[in-house]
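> The following block contains the structure, expressed as structure tokens.
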Amino acid sequence: MATVYRPLDADQVRIEQTVTIRIGPRPAPVTLAPAFFESEMDSSGPRLVERKFGNCVPVAGIMGVQPAPGNRLLLIMRDQRLLTASLKKGCNSRDYYSGFLIARNQDGLICTGRDKLLARSGANCQVDGFRQLIQVGS
């Protein structure tokens, strides 16, 4: 008599889906000298000053990214604002020269202390804080 094999009953089935968003580098990089980020410049020309910003940034609002001096990334927003994202200690912004990947959240935001930015080079860092760059002077 032939033995009949029955498939085992599954008590639990888990289906997981992840969506990864890629933020690419800005096509024509803006060259920002470190002096743009210093609070005391000798010239009376225009300079950029960092101001406090919230803890989260909408992913859909980011048009491009490029490394900035120190451990910061320059985020170019679709609404023409410039933001800097400070990376956690031990992270190097130059690792993000070709943009970054981020797992999509339900709220669609990148938040400090929660989300990790994955560089295409393999670096994986959390954002420590966001600041907005505002031009002062003429």
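The values are calculated or read from the model by the stated rules, or taken from the named source; none is laboratory data. No experiment lies behind these values; they were computed from the predicted model shown. Reconstructed Cβ throughout: ideal geometry from the backbone, glycine too, with neighbour counts over all protein chains shown.
> Which numbered condition trips up Leu83, out of (1) closer than 25 Å to Leu48 by Cα; (2) without any contact (Cβ under 8 Å) to a residue 40 or more places away in the chain; (3) assigned to a strand (DSSP E or B)?
It fails just one condition, (2).
> Restricting the range 88-138 to residues that are more than 13 Å from the chain's Cα centre (by Cα) and under 18 Å from Ile21 (Cα atoms), which is surrounded by the most Cβ atoms within 10 Å (Cβ to Cβ)?
Looking at residues that are more than 13 Å from the chain's Cα centre (by Cα) and under 18 Å from Ile21 (Cα atoms), I get Asn105.
> Only one of these is in a strand (DSSP E or B) and modelled with pLDDT under 90: Leu101, Leu73. Name it. Spell out the reasoning first.
Details: Leu73 fails: modelled with pLDDT under 90.
Going through Leu101, Leu73 in turn, just one is in a strand (DSSP E or B) and modelled with pLDDT under 90: Leu101.
> Something else about it: Report, by residue number, each residue of the range 77-87 that is surrounded by fewer than 19 Cβ atoms within 10 Å (Cβ to Cβ) and not polar (S, T, N, Q).
Once the filter is applied, which keeps residues that are surrounded by fewer than 19 Cβ atoms within 10 Å (Cβ to Cβ) and not polar (S, T, N, Q), the range 77-87 yields Met77, Arg78, Asp79, Arg81, Leu82.
> Restricting to the range 24-64, what's the tally of residues that are in a helix (DSSP H, G or I) and either at pLDDT 60 or above or exposed (fewer than 13 other Cβ atoms within 10 Å of the Cβ) (or both)? Walk me through how you get there before you give the answer.
The first filter runs over the range 24-64 and keeps only residues in a helix (DSSP H, G or I), leaving 34-37, 59-61.
Imposing the further condition that a residue be either at pLDDT 60 or above or exposed (fewer than 13 other Cβ atoms within 10 Å of the Cβ) (or both) reduces the set to 34, 59-61.
Number of matching residues: 4.
> Please work out if Ser98 is under 18 Å from Gln66 (Cβ atoms), of a type in the set (Gly, Ala, Ser) and free of Cβ contacts under 8 Å to residues at least 40 places away in the same chain. Break it down stepwise before answering.
Details: under 18 Å from Gln66 (Cβ atoms): yes; of a type in the set (Gly, Ala, Ser): yes; free of Cβ contacts under 8 Å to residues at least 40 places away in the same chain: no.
When the stated conditions are applied, Ser98 does not pass them.
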